[in-house]
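Enquirer: Right, I'll just put the structure down here and ask away after.
Bear in mind these aren't lab numbers, they're just calculated from the coordinates by the rules spelled out. Given the structure is predicted, the values throughout are model-derived calculations rather than measurements. A quick note on method: Cβ atoms are made from the backbone with ideal geometry, for glycine too, and the neighbour counts reach across all protein chains shown.
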Number of protein chains: 2
Amino acid sequence: MSDRNHEDTTRLTIPGGYGCAIDLTRGQYIGVRDIEGGQCGDFWAIDAEDFDHFLSPSHTWVHIGRVQPQVGDDLVTNRREPILKIVSDDVGWHDMLVPACDRQRYERYYGVTGHGNCHDNFLEVMRPRGWEAKHVPQPFNLFMNTLVEPDGTLLIRNPISKAGDNIVMIAKMHLVVVVSACPMDLNPVGGLGITDLELLVGNSEEKMFEVLKV
Amino acid sequence: MSDRNHEDTTRLTIPGGYGCAIDLTRGQYIGVRDIEGGQCGDFWAIDAEDFDHFLSPSHTWVHIGRVQPQVGDDLVTNRREPILKIVSDDVGWHDMLVPACDRQRYERYYGVTGHGNCHDNFLEVMRPRGWEAKHVPQPFNLFMNTLVEPDGTLLIRNPISKAGDNIVMIAKMHLVVVVSACPMDLNPVGGLGITDLELLVGNSEEKMFEVLKV
């Protein structure tokens, strides 16, 4: 993972198929950029002071009245506290319904053993921080394209994010953020192949957008 | 909670607003009946041998390709193992999206303190079994009527279950089942008021249906 600094904005490249964890203080901005387009990023936000407290898609749906968050929406925790707010979003359509891919997903549904997966990526980067055996929470799947039909059918479609598309959020508490550039290459989640994501953390919204324009 | 036996079928009444936990062995049937109609029942199924292993709505959606399970569907765990199968269902429309109501739901959204809630009902009946401080999983909300619109809007509507409507499932492993007759009386979840649910556990599908016809 490369690590560059542009004034006060930290930039990390997450290699396709792998994960990383990064700290955010309250008020910091986090951006995730889909470098080549069509790459899903499983995204988690955990209260850095209390690992039992984390971003919860289902609590967020009740809070915002939608299963799809929009710019201006607070994302809330399993205790219904705002944890992040969406500041800008080039795509406007992500997924909060599908759990992280895991060993069982590849083994049971595709007959593939030993496949990299977002569940284990999460554990790999969180274990050194003391996560231990806790259940991996439901992720917010950036740049993933799902649709619920009126009869309840859940469709997983090819991603719609284009090269350079990004989403920016502001932290409402001291957080650990985990992002996994999803290694799923066996269904439409993977879209155009498994590619890198870029993660940006900064203190200023203005400087973050300057960097994202480059 | 009253406890009656009808041949080999155990019947329990869950008072409106309260919860109960019951053991099921593999192959046993569980029925939940909405006695008066319009009463949501938050339903959890936990692997009795491993409390980190439980029914997971989001893993079930991917397994069945829908956010609404139907008769014949397996419900799966957070490790993608079948935990229950739906044998019959009078209503055919429940909810797997909305988290259990909790103290924060009543305080933050309705300004009501001290309200009974499904989250605490779960902990109350599971603590004596050793649940401790683990996160309360996402429930399967029986007789709850939600709808996702094409733009992602999540609607919570009045329940459609009528008096006597029931759902029957068969256990795929040794389980603890928790059901909370949801005390939500401040939005359409509550429908016609908070009423009792009936829980039935039996070894024979035939006898279970005989009892449910009474």
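Enquirer: Copy-to-copy spacing for residue A:128, label 7 Å out on the Cα-to-C-beta vector, in nm, shortest first?
Expert: 4.6
Enquirer: Across bins of 5 angstrom width beginning at 0, how are the C-alpha pair distances of chain A distributed, in whole percent?
Expert: In order of increasing distance, the bins hold 1, 8, 16, 21, 22, 18, 10, 4, 1, 0 percent.
Enquirer: Moving on to the next point. Report the paramagnetic label zone for residue A:149: residues of the stretch A:91-107 whose backbone N is under 11 Å from a point 7 Å from Cα along the Cα-to-Cβ axis.
Expert: Under 11 Å, as judged by backbone N against the label point of residue A:149, lies no residue of the stretch A:91-107.
Enquirer: Follow-up. In the structure displayed, which of B:85/B:162; A:134/A:162; A:162/A:207; A:162/A:213 lie more than 25 Å apart, Cα to Cα?
Expert: Cα-Cα > 25 Å for A:134/A:162; rest within.
Enquirer: Would you work out the relative contact order for chain A, in percent, from Cα pairs under 8 angstrom that are 6 or more residues apart?
Expert: The value is 42 percent.
Enquirer: Moving to a separate point now. So for the stretch B:73-136, averaging the separation of alpha carbon pairs under 8 Å that are six or more residues apart and normalising by length, what relative contact order in percent results?
Expert: This gives 19 percent for the stretch B:73-136.
Enquirer: Ordered by packing density, taken as the mean number of other Cβ atoms within 10 Å over each peptide's residues, highest first, how do A:50-59, B:201-210 rank?
Expert: Per-residue mean Cβ counts within 10 Å order the peptides as A:50-59, B:201-210.
Enquirer: Please report how far the C-alpha centroid of the stretch A:184-214 lies from that of the stretch A:83-108, rounded to the nearest whole angstrom.
Expert: 13 Å
Enquirer: Could you rank the peptides B:24-36, B:124-136, B:171-183 by their average count of other C-beta atoms within 10 Å per residue, with the highest value first?
Expert: Listed from highest to lowest mean packing, they are B:171-183, B:24-36, B:124-136.
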